[in-house]
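All remarks here apply to the structure that follows.
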Amino acid sequence: MNDLNAIHQPVLLEECVGLIAPALRNPGSVVVDCTLGLAGHACAVLAAAPQAHLIGIDRDAEALALATERIRDAGFADRFTPVHAAFDQFGDVLAERGIAHVQAAFMDLGLSSLQIDETDRGFSYAHDSPLDMRMDTGQSLTARAVLASYDVERLTWIFRTYGEERFARPIARAIVRSREEEPLVSSGQLDRLVDGVVPRAHRAPGNPAKRVFQALRIEVNGELDKLAGTLPQIALHLAVGGRLVVESYHSLEDKTVKSFMNQGLHADVPVGLPVIPDEDQPFFEPLTRGAIKADPRELAINPRAASVRLRAVALSRPIPPRFIKRFTQAAQADDTYRAGIGR
């Protein structure tokens, strides 16, 4: 597994384990790693919590197989259950195993190290490869299909919303014009197209196609919709004292996580109410003060940690009935994120 260890450098590993492990002290404790990846965090948690069982979810079959091998080689196979699924199937994964509540859940959002370093799925503009971008290669929608079929308005919305791209509309128009003459099938073609549209005087540092690639990846994999639908599922399945720990890597992810956690961190009453009813009291306890960021030491070791934001809460008391109803509706809704931002 030496090569795998070299590929995968878990971000904020000590901080994540320190937040998760205290909830796993009792025999039979269960932690769900919703984004197993190459199991860097999972192995560390299993080592730190010898009483715990870890359920590892990943929609990427290749990553799941490698992670399973890594955990087996580390000697933790008897305390590990691999699950090939998207993390918005959280509730179903637990129900299929007869589990009502878990003591901790962890999410490390965005691309895994394996996906970043792969050269055949078109995730990165650093390699000229087919425009695929599927985390789960069994799904039908690809980046190529998005670029071939979406109209200017829809492409503009994706680039502006998911990529926060200032030149979303000119890029969308250029894509529609270009595909009339030649289909966009490779990451190199898209990289060159964006380079030709974004004015050099208005470019941020780095590759000008970065935001477009991010937006396409989010659209293809439904990442923000799935995140907004998964967080309430996790809350509904946390035992009292259970912990939710999430690492985000761009502002839209972090905004979604922060907004969700804030629902349980503050009393749900008008400002100035002299007495707060018990059912309106906060039910989350903050475990981080705002978001934890990588320090200079970690950044020197792992540059991919530059954009990380780590937030964590503990369930301090049972969730009030109206929040159970709200979370249940959110978990079941389609296009949760789009509906929430008013598309």
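Odds and ends about this structure:
- Local net charge near Thr68, Cβ-Cβ under 15 Å (Lys/Arg +1, Asp/Glu -1): -3
- Size descriptor, Kirkwood hydrodynamic radius, that averages inverse alpha-carbon separations across the range 7-107, Å: 13.3
- Beta bridges by DSSP in the chain, antiparallel share as percent, to the nearest 5: 40
- Gap separating the Cα centres of the range 268-338 and the range 171-242, nearest whole Å: 25
- Straight-line cross-link reach from Lys255 at under 18 Å between alpha-carbon atoms covers these lysines, not counting any fewer than eight positions away in the same chain: Lys226, Lys293.
- Cα-based helix-to-principal-axis angle, 187-197 vs the chain, degrees rounded to 10: 70
- Taking every alpha-carbon pair under 8 Å whose residues sit at least 6 apart, the chain reaches a relative contact order of 17 percent.
- Angle between the chain longest axis and helix 152-162 axis [Cα atoms, degrees, rounded to 10]: 40
- The average projected area of the chain, computed from the convex hull of its Cα atoms over all directions, is 18.7 nm².
- Surface accessible to a 1.4 Å probe, per residue, for the residues of the range 1-107, Å²: 40
- Helix axis angle, 61-73 relative to the chain longest principal axis, alpha carbon, degrees: 40
- Protection proxy ranking of 179-190, 54-65, by the mean of other Cβ atoms within 10 Å over each peptide's residues and highest first, is 54-65, 179-190.
- Accessible surface of the chain [probe 1.4 Å, protein heavy atoms]: carbon and sulfur percent: 51
The values are calculated or read from the model by the stated rules, or taken from the named source; none is laboratory data. Keep in mind that this is a model prediction, so the values were computed, not measured. Note that each Cβ is placed from the backbone with ideal geometry, even for glycine, and that neighbours are counted across all protein chains shown. We work out accessible area using only protein heavy atoms, side chains counted, and drop any ligands, DNA or RNA first. Shrake-Rupley method; radii C 1.70, N 1.55, O 1.52, S 1.80 Å.
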